[in-house]
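Shown next, in structure tokens, is the structure this report addresses.
Nothing in this text is a laboratory measurement; each read-out follows from the coordinates by a stated rule. Small disclaimer: the values here were computed from a predicted structure and weren't measured. Cβ atoms come from the backbone with ideal geometry, glycine included; neighbour counts cover every protein chain shown.
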Amino acid sequence: MRGHCILSHGFESGPDATKVTALAETAERFGWTHERPDYTDLDAKREVSALGDVVARLARLRALAQAAVARGPLVLAGSSLGAYISARISLELPTQALFLMAPPLTMGPLPPLDAPQVPISILHGWDDELIPASAVVDWAHARRARLLLVDDTHRLAANVRTSADVFAALLAELPA
């Protein structure tokens, strides 16, 4: 085992979504254990905010990541809201790398997206209707992150295979 990957789905998605499933298959192929937390119960809490209970999402991922770090190297990956919480938790716990798909740079009253100085790969759609590609370019540039912009929208539905390939490239570069 090389380490553990926690793969966080986006808002109103789920742990069996196509992108996180493709990432799980990739992690396994590269010798990493993995888990796909289910946040659907928290996304349904619209009385907390339009995006559900983001603070509880952070707490859930924090607890899982703390347990994983105790066992070895950790990689965090996520799509949209899953990318946001992955990046935020990577600031708190030793993380080997981050893989972010369609990352939101702001989340209402919560702190803006940030990440530690670790290898970061980002996949983002040129036609993302929620997060302007130009803003993600600026964010990635400031962190010297690897960024692939694709002909797609926020859901990146046409680039499931591409997401797995970019994730594979990130995992391949990490120390054994």
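Over the chain, DSSP H runs of length four or greater, each weighted -39,500 (n - 2.57), average out per residue to a 222 nm ellipticity of -11500 deg cm²/dmol. Per-residue Cβ neighbour counts within 10 Å put Arg155, Arg62, Arg144 in the sequence Arg144, Arg62, Arg155, beginning with the fewest.
Values of log10 I(q)/I(0) for the range 25-78 across q = 0.27 Å⁻¹ run -1.06, by the Debye formula with one identical scatterer at each alpha carbon and no solvent.
In the chain, once you exclude exposed GluC sites (Glu not before Pro) (DSSP loop, at most 11 other Cβ within 10 angstrom), what's the longest stretch remaining?
Longest site-free region, per DSSP loop and neighbour criteria: 48-128.
The alpha-carbon atoms of the chain, seen along their principal axes, cover 41, 33, 29 angstrom, with the largest extent given first. Here the chain carries DSSP beta bridges of which approximately 5% are antiparallel, counting only pairs with both residues inside. Could you work out which residue, out of Ser13, Ser163, Ser49, moves most in a Gaussian network model of the chain, that is, has the largest mean-square fluctuation with Cα springs under 10 Å? The residue with the greatest mean-square fluctuation here is Ser49. Two tests apply to each whole DSSP H helix in the chain, Cα reach of 30 Å or more along its axis and mean Kyte-Doolittle hydropathy of at least -0.5, and none passes both.
Might you report the magnitude of the Cβ-based charge dipole of the chain about its Cα centre, with Lys and Arg at +1 and Asp and Glu at -1, to the nearest 20 debye? Each step should come with its number before you reach the end.
On the way: 16 positive and 20 negative charges, 112 e Å.
My answer is approximately 540 debye.
Would you mind telling me which residue in Leu156, Leu51, Leu61 has the biggest mean-square fluctuation in a Gaussian network model of the chain, where springs connect alpha carbons within a distance under 10 angstrom? With Cα springs under 10 Å in the chain, the top fluctuation among Leu156, Leu51, Leu61 is at Leu51. Placing a pseudo-label 7 Å from each Cα along the Cα-to-Cβ vector at Arg146 and Thr106 gives an inter-label distance of 3.1 nm. Amide H neighbours of Ile122 under 5 Å, at least 5 residues apart or on other chains, H built in the peptide plane: list them. Hits under the 5 Å cutoff: Leu100, Arg146, Leu147, Leu148.
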